[in-house]
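A short worksheet on the structure shown next.
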Amino acid sequence: MSLNQLTIHDAADGIANAAFSSQELLEAVHRQIARVDDTVQAYHTVLTDPAKTSVLSDKAGSLLQGIPLGVKDNICTEGVVTTCGSKMLENFVPPYNATVMTRLEEHGAVLVGKTNMDEFAMGSSTEHSAFQPTRNPWDLGRIPGGSSGGSAAAVAAHECIAALGSDTGGSIRQPAACCGVVGMKPTYGRVSRYGLIAYASSLDQIGPLTKDVTDAAIMLEAIAGHDPKDSTSATIPVPTIVKALHRDMSEIRIGIPDEYFAEGLDSDVNDGVRAALQVLISRGAKPQAVSLLTTPYGIATYYLIATAEASSNLARYDGVKYGYRSSQSQDLLEMYCQTRKEGFGRETQRRIMLGTYALSAGYYDAYYGKAQQAREMIRSDFETAFQEVDVIVTPTMPTPAFRLGEKTDDPVQMYLSDIYTISANLGGFPAISIPCAMSRDGLPIGMQIMGRWFDELTLLQVAFAFEQETDWHLKRAPISEDSNG
Ligand code: GLN
């Protein structure tokens, strides 16, 4: 096995035991990028200047010491271009680091590059990137999921050891499912959003994409915790996670909602997730039916709230202070209009228009106001369910990865990819996707485990128990195999 294929915990052991150096690890990652990234197109920017990567040292200590990571291109990196997948920010070089970057650096991690994404994190396929589509390492004709498709593909193709993504409606978990890796959205408020370029501020969270559950726990421990720079970050202490992953499954009650195994669910996904549930049950977990009757309202609620918040957050891109400015205008008003017309892609413009409409006088109560009420109903549906069960298990995505171009002309079909993931954002609770099966076509299938607010530990324990019994997390995408040492 070449070094770039290692997990964080195995790489950290190797470095600690002097089996290899962090420099050798980084070189193996760079060789893999050189070998496959022209095809996969997971990265927008790869850092080659050693002065820009953090200090390399093999000193023992933190579990991320010397670990090469990919970071989604909507997380601000000081001195390193951060495009958010948009022409609008094509040349934007942040003068400061996001808090998660500061924390990763404090833990000794090395930034390999910035990963491709749907523009402003709006999308489920990474095809809305202004620069390039990313391809799924399992099948190059298919999407890697989105919007953190670059991060998921980079992990699956072993072009980094682990990565960060952001999740507003599923953008970590859905690409993780498509690419056969682990992806976790923490509880809203668990991880600082300072320096994350805002899409929908009441839904956005940063989280890890990794090769296994232990690595997700390591990354979460490194980035979680209160940050005075983000007023929505919680002061609730972060428990010990990595050392607490073993848990007796007979203490766990698993909720299984019928509404998530309904019409529109691909039969391979249904069979795969149900078989995975049996694995947990055979370890002693107790299954229990739960009903989540508000499920059908999820998509409409999400796409009203997310677009409303986006229309307000994206108002700042007007060509005045930073970002793209059109050269085609005679006066100020024309400059605003041309800048936004030329700088934003079609999907982003669609979302801004939808959101502006939902917030406009005369429609506010009927759309945005109603969506807020529905959001509260969805949240309370889960609160009731979590009084009876410890976790809720569902598919992550209704189908395996679809083909490039298959849904680009049909936004509603694209939006339906998020049907199982958006509730965790609307409700604010944590959720993880882990690889749990393969489709008949050889594509990864993800199982989603949702948990109570600030109880990331329990869902990681359930995911870890599943991983102990199975080897789905060890399967490798064909393109990731190489002979580099
Ligand atoms: N696919 C969803 C959207 O387009 C979710 C995106 C995300 O989580 N950032 O809004």
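We did not get these values from a lab; they are worked out from the coordinates using the rules stated. Remember, predicted model here, so these are calculated numbers, not experimental data. Cβ atoms come from the backbone with ideal geometry, glycine included; neighbour counts cover every protein chain shown.
One table, with the values for the structure above:
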| item | result |
| --- | --- |
| Theoretical ellipticity at 222 nm over the chain - DSSP helices of four or more residues, -39500 (n - 2.57) apiece, nearest 500 | -10500 deg cm²/dmol |
| Positive dipole terminus of the chain, leading residue within 336, 371, 32 (C-beta point charges) | 336 |
| Ordering of 169-175, 74-80 by packing [mean C-beta count within 10 Å, highest first] | 169-175, 74-80 |
| Residues of type lysines that residue 475 reaches as a straight line, Cα spacing below 27 Å, ignoring anything fewer than 8 places off in the same chain | 72, 114, 185, 211, 243 |
| Relative contact order [Cα under 8 Å, 6+ residues apart], the chain, whole percent | 18 |
| Note, ³J(HN,Hα) from phi for the range 157-173, Karplus 6.51, -1.76, 1.60, rounded to Hz, x at Gly and Pro | 8, 6, 8, 6, 8, 7, 8, 10, x, 9, 9, 10, x, x, 5, 9, 6 |
| Spacing of the two label points (7 Å from each Cα toward its C-beta) at residue 383 and residue 106, in nm | 3.3 |
| Spatial separation of Cα centroids for the range 352-373 and the range 133-159, in angstrom | 34 |
| Set of aspartates and glutamates near residue 407 by C-alpha distance (under 12 Å), chain-local residues within fewer than 8 positions excluded | 127 |
| Spacing of the two label points (7 Å from each Cα toward its C-beta) at residue 48 and residue 346, in nm | 3.4 |
| Global geometry of the range 336-417, whether rounded, prolate or oblate, following the gyration tensor of its Cα atoms and the 1.5 cut on a/c | oblate |
| Gain upon complete extension [residue 372, residue 475; 0.36 nm per residue less C-alpha separation] | 32.9 nm |
| Computed FRET value (nearest 0.05) for residue 39 with residue 240, which takes r as the C-beta separation and R₀ as 41 Å | 0.50 |
| Förster-model FRET efficiency, 41 Å R0, residue 274 and residue 331, C-beta, rounded to 0.05 | 0.10 |
| Gain upon complete extension [residue 251, residue 409; 0.36 nm per residue less C-alpha separation] | 52.2 nm |
| Rounded Å value of the spacing that divides the Cα centres of the range 254-323 and the range 390-416 | 10 |
| 19 Å Cα-Cα reach of residue 370 towards aspartates and glutamates, excluding residues that sit fewer than 8 places from it in its own chain | 309, 381 |
| Placed amide H near residue 115: partners under 5 Å, 5+ positions off or other chain | 44, 71, 72, 73 |
